[in-house]
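Nothing in this text is a laboratory measurement; each read-out follows from the coordinates by a stated rule. Keep in mind that this is a model prediction, so the values were computed, not measured. All Cβ positions, even for glycine, are placed from backbone atoms using ideal geometry, and neighbour counts span all protein chains on display.
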Amino acid sequence: MPDSVPTSSAQLNCLCGAITLPGSVLDHPTFPIPEEICHCNPCRYVSGSLSPAFPRLTSAPPPAVLAKLTCYSSSDRCNRYFCSTCGAHCFVEHPQVQDEWHCNAGIIDPPASPPVKDVILITSHAYIDDAIDGGLTPLFLSPTSGYDPSDHLYPEVRGKNAVKASTVLDMAKKALSCPLPGPDDTLSAKCHCGGVSLSIERADYVRNPHNVGSSMMPSHPNKYVAWFCVCRSCRLATGYSLQPMVYVPPAAIRNATNGAPVVFGRAAKEPGANKGLKLKHYLSTEDVQRSFCGGCGATVFYTFLGESDNGVVDVSAGILRADSGSLAREWVEWRDGYMSHEEECVDKSQAECVKKGWTALGLNQA
């Protein structure tokens, strides 16, 4: 692939098309854009993602664009903007610093020609301690993209008290030893603002298979299967290039505010459905409904409305609140080395790291 493809040849888009800007608003002139991955709790809970990156912009988006966005202040130092229609996270403003604006890397649509291997070049990892288990950092320790981030691993803010790669690997190993939850235990799934708070039963596919399709069955009967989707639609609907999904039978998910079953599908848009939850819904196709928190924009569900639904809904892994950490290893079985729609991935070096998998690092769940 050619080097130094200009970022001005890209477009910034959300899935529904309400938000669109030229790539010339990106501060870095060429692809790939050097960026850190943030593992902090607010970024995970406000997005549903596990690996957000935020390239800097040259200036604030125009007022006409901001008018189509919902602003959520996750702190007095950070305003996050998501599309009011489709829920895509688009921009981040640091109001205490004049004219400091960033975009969510996933809304960057690189040109088809000349081809771009990577939109983002991972240069560091920040707030690793928040993840407890190291998050996806172990997968991205390999310098596949031509840059070795292993000397830039920060428990908290960038540039402070860097730790060794072995420390991060130890965090991941410790998470693997977390005991399996009890049969009556539940997993909390909650966005940053608390507008969506869910309770997920522990899997028990021996006693209750829930009519789940074989492709969604884990090897462990008491865990839910999970993997990454890297399709263009998920990327533009969320603002993140790797969308981590856990596949859960609808009957296992309840509204944590009142204990009621969560209503899915077209019925979820009816008045009075899912009382106490700030869920908003966007039909990206006739058969696909995407649900997000109307308060903070966190991606929550992907629901297939057609006949071949495999008996599950997709729950964003970033909003899970497990004792072991961000990957919820005691509840979830990550399908090693697998992602769906790999051909559409715009960060191919990250995809290569995911494909190498946890087993190669000695972190498989067997």
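Some points to look at:
- Helical mean residue ellipticity (222 nm; -39500 (n - 2.57) per DSSP H run of 4+; nearest 500) of the chain: -3000 deg cm²/dmol
- Local electrostatic count at residue 332 - Lys and Arg +1, Asp and Glu -1, tallied over other residues with Cβ under 15 Å: -3
- Using C-alpha pairs below 8 Å separated by at least 6 residues, the relative contact order for region 152-311 is 18 percent.
- Likely footprinting exposure, 363, 180, 26, fewest C-beta neighbours within 10 Å first: 180, 363, 26
- Placing +1 on the Cβ of every Lys and Arg and -1 on the Cβ of every Asp and Glu, with nothing else charged, gives region 32-114 a dipole about its Cα centre of roughly 200 debye.
- Cα-centred dipole magnitude for the chain, charges only on beta-carbon of K, R (+1) and D, E (-1), debye, nearest 20: 640
- As a proxy for reagent exposure, ranking 349, 188, 219 by other Cβ atoms within 10 Å from fewest up yields 219, 188, 349.
- Taking the centroid of alpha carbons for each part, region 201-269 and region 329-362 are 18 Å apart.
- At q = 0.17, 0.21, 0.24, 0.31 Å⁻¹, base-10 log of I(q)/I(0) for region 56-102 (Debye sum, equal scatterers on each alpha carbon): -0.44, -0.67, -0.86, -1.24
- Taking all Cα-Cα distances within region 100-191, those exceeding 21 Å account for 50%.
- In order along region 296-304, the Karplus-derived 3J(HN,Hα) couplings, from 6.51 cos²θ - 1.76 cosθ + 1.60 at θ = phi - 60°, round to 10, x, 4, 5, 10, 10, 10, 10, 8 Hz, and Gly and Pro are given as x.
- Share of pairwise Cα separations in the chain, more than 30 Å, in percent: 34
- Among 245, 293, 166 - extreme Cα towards positive end, dipole of the chain, charges at beta-carbon: 293
- Along region 200-213 the Karplus relation, 6.51 cos²θ - 1.76 cosθ + 1.60 evaluated at θ = phi - 60°, assigns HN-Hα couplings of 10, 5, 5, 5, 8, 6, 7, 7, 9, x, 6, 6, 6, x Hz to successive residues, with x for each Gly and Pro.
- Chain lengthening between residue 341 and residue 254 when straightened (0.36 nm per residue, less Cα-Cα): 28.4 nm
- With eigenvalues of the C-alpha gyration tensor scaled by 5 and rooted, region 10-70, Å: 21, 18, 10
- For region 181-361, the Cβ-based charge dipole about the Cα centre amounts to some 500 debye (Lys, Arg positive; Asp, Glu negative; other atoms uncharged).
- The share of Cα pairs per 10 Å bin across region 267-346, counted from zero up to the longest distance, runs 15, 38, 38, 10, 0 percent.
- Normalised by residue number, the volume inside the convex hull of the Cα atoms of region 7-175 is 118 Å³ per residue.
- Charge-dipole axis of region 181-361 as Lys and Arg at +1 and Asp and Glu at -1 on Cβ define it, positive-most pick from 267, 216, 257: 257
- Computed over the chain: relative contact order in percent, which uses C-alpha pairs under 8 Å that are six or more apart: 20
- Database remark: amide H of residue 33 closer than 5 angstrom to the amide H of 120, 121 (H placed geometrically; neighbours at sequence offset of 5 or more, or on other chains; Pro and chain starts carry no H).
- Dipole of the chain [Lys/Arg +1, Asp/Glu -1 at C-beta], most positive-end residue of 152, 61, 203: 203
- Above-threshold pairs, the threshold being 25 Å between Cα atoms, out of 117/356; 117/223; 164/356; 117/173; 190/223; 280/355: 117/223; 117/173; 280/355
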